[in-house]
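K.L.:
This is the structure I want to talk about, given as structure tokens.
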Amino acid sequence: MNITGMLYGAPLLKHVDFPTSEVLGPGATEDEIQDLIDRHKLILIKPVFRGGVGKKGKAGLIGGASDLKTALREKE
């Protein structure tokens, strides 16, 4: 399953006790992001593109962050 699909796929997979990663949606607050960083030390971020997700040539971009400032920058 691709990264974007995990936003909706993870809750479905939990119904059958299948292990999934923690996924925050595009509306995640700074506190939620910081909590995830505190627990895992490094998080992966799929950027949110203005005008639509997954535009041609941008679908595979993923960034990494170990602090809130970098995470917010990678999100955009």
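K.L.:
Search the stretch 32-55 for residues being modelled with pLDDT under 75 and open to solvent by less than 50 Å² (accessible area, probe 1.4 Å), and hand back the single one that is nearest to residue 70 (Cα to Cα).
P.N.:
47
K.L.:
When the stretch 10-31 is examined, which residues are found to be among the charged types (D, E, K, R) and surrounded by 10 or more Cβ atoms within 10 Å (Cβ to Cβ)? Break it down stepwise before answering.
P.N.:
Let us first name the residues in the stretch 10-31 that are among the charged types (D, E, K, R), namely 14, 17, 22, 30-31.
Correct list: 14, 22, 30.
K.L.:
Applying the selection to the stretch 59-76, what residues are at pLDDT 80 or above and not small (Gly, Ala, Ser)?
P.N.:
Those that are at pLDDT 80 or above and not small (Gly, Ala, Ser): 67, 68, 69, 70.
The values are calculated or read from the model by the stated rules, or taken from the named source; none is laboratory data. Everything numeric here is computed off the predicted structure, so don't read it as measured data. Here the Cβ is made from the backbone with ideal geometry for all residues, glycine too, and neighbour counts use every protein chain on show. Remember, those area values only see protein heavy atoms, side chains included, never the ligands or the DNA or RNA. Shrake-Rupley method; radii C 1.70, N 1.55, O 1.52, S 1.80 Å.
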